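For reference, the structure is listed below as structure tokens.
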Amino acid sequence: MVKRVWVQGPIAIDTVVYLEKFPTPGTFMNSTKTVERTGGTSANVALGLSTTKVETNFVGYLGDDENGKKLRKVLEESQIRKSIITEIDGPTSHALILVDDKAERTIISMTTPYLRELRMDNVPFSEPDIVAFILWREEFIGDLQRAEKSGCLTVVGAAALVDANVLHANLVLGSISDIPSGINPEDHLDRFDEIVLTDGLNGAHYFSKQKKLHQSAFSVQAVDVTGAGDAFICGYLTGLANQLDPDTCLLLASQWAASSVQVNSSIPPAFELVRKEWGIELPL
């Protein structure tokens, strides 16, 4: 049985500026290209995941402005089954992203974040759903506990590793860059059943009390790494929803991440494109 997934978190407008190199103080330069596109970590994950056979639902917030209207239309026209959107008294999330000729990026938030105000009181999750808090905030403790009491499989972002108020979640899934240096994931396996952390070109690491795994990053020609981490999460959740083993989840997630850096997009490429590139035979 394929599990239903609820993805909670931000959706945003990304203004992406491509440069020959990152600017230094006092300099002037022209962009090589500028584009406006849908972004926001959680929305990226949900939009990518919805291109598989996994029933995908999204919980987020939008402002009552033009960007909010654009993003509502994106969600309505996507393959996401249900979007539960909180309307906020403020502008829709908007990020400026600078991408250099080596495909590296810097992200600058241009609006006040309202993620801490997002709640899931009206979300009808139930056993055996997967509930994913992609960007962890301490204010989500109540929703996390309610999901666990409902029998859901819970997924939290890497920041939960250093939040002592999180007494348990099934999986930590995120980037090693989101936690302070010197943190040993294995020290936290008393609170989390599994921990998966990405580490850029160093690949990804899996930890549980039973085993440790490492998945190397694939060598590809990158043009924009903006959505690589989101694509990895999208791939891992796909495997998790299909109840695949951790080795296969890591492989699928790394393949999806490698496909994503080869395109100019914040949203992970559709699964069928990833399937064709890597010859994936799993019926996902």
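Helical content alone sets the calculated 222 nm signal of the chain at -7000 deg cm²/dmol, taking -39,500 (n - 2.57) per DSSP H segment of four or more residues and averaging over every residue. Equivalent-ellipsoid semi-axes for the range 1-98 (Cα gyration tensor, √(5λ), whole Å, largest first): 30, 16, 10. Return the distance in nm (one decimal) between the two label points of a simple spin-label model at LEU273 and LYS70, each offset 7 Å from Cα along Cα→Cβ. Label-label distance for LEU273 and LYS70, simple model: 1.9 nm. Applying the criteria of a DSSP loop state and at most 11 other Cβ atoms within 10 Å to the chymotrypsin sites (Phe, Trp or Tyr not before Pro) of the range 2-70 yields PHE28.
Counting every other Cβ atom within 10 Å of each residue's Cβ, ILE195, ILE233 order from fewest to most as ILE195, ILE233. With both bridge residues required to lie in the chain, what share of the DSSP beta bridges run antiparallel, to the nearest 5%? Restricted to the chain, the bridges split so that about 40 percent are antiparallel. Which residues in the range 207-237 have a backbone N closer than 20 Å to a point placed 7 Å from the Cα of LEU189 along the Cα-to-Cβ line? Zone members listed by number: 207-216.
Each label was represented as a point 7 Å from its Cα along the Cα-to-Cβ direction; for HIS214 and ILE84 these points are 4.1 nm apart. Taking every alpha-carbon pair under 8 Å whose residues sit at least 6 apart, the range 82-127 reaches a relative contact order of 33 percent.
With Cα atoms defining each centre, the range 98-125 and the range 190-228 are spaced 21 Å apart in the structure. For the chain, the membrane-span-like helices by this rule, meaning whole DSSP H stretches whose C-alpha atoms cover at least 18 Å of axis and whose Kyte-Doolittle mean is 1.0 or above, are 228-241; this says nothing about an actual membrane.
Among the trypsin sites (Lys or Arg not before Pro) in the range 24-74, those placed in a DSSP loop whose Cβ has at most 15 other Cβ atoms within 10 Å are LYS53.
For MET110, MET120, MET1, the sequence from fewest to most other C-beta atoms within 10 Å is MET1, MET110, MET120. Cβ crowding within 10 Å, taken as a proxy for footprinting-reagent exposure, orders LEU167, LEU144 from fewest neighbours to most as LEU167, LEU144. For a test of the definition: using alpha carbon positions, the gyration tensor, and the 1.5 limit on a/c, classify the range 86-189 as rounded, prolate or oblate. Since a/c reaches 1.5 but b/c is at least a/b, the shape of the range 86-189 is classed as oblate. Each part gets one Cα centre, and for the range 249-269 versus the range 51-78 those centres are 20 Å apart. Extension gain for the segment ASN30 to ASP101, taken as residue separation times 0.36 nm less the Cα-Cα distance, is 24.3 nm to one decimal.
For Kirkwood radius over Cα pairs in Å, which listed value, [x] 19.9; [y] 19.1; [z] 20.6, comes from the coordinates shown? Among [x] 19.9; [y] 19.1; [z] 20.6, the one calculated here is [y].
For the chain, relative contact order (Cα pairs under 8 Å, six or more residues apart, normalised by length) works out to 19 percent. When only Cα pairs below 8 angstrom with a gap of at least 6 residues are kept, the range 1-138 shows a relative contact order of 34 percent. In the structure shown, the pairs LYS3/LYS82; LYS21/LYS276; LYS3/LYS212; LYS33/LYS102; LYS73/LYS276 are assessed against 23 Å; a Cα-Cα span above that value is assigned to LYS21/LYS276; LYS3/LYS212; LYS73/LYS276. In terms of Cα atoms, the Rg and Dmax of the range 169-284 work out to 13.9, 40 Å.
Values in this text are rule-based calculations from the coordinates and carry no lab data. As the structure is a computational prediction, the values presented were derived from the model and not from experiment. Neighbour counts are summed over all protein chains in view; Cβ atoms, including those assigned to glycine, are modelled from backbone coordinates with ideal geometry.
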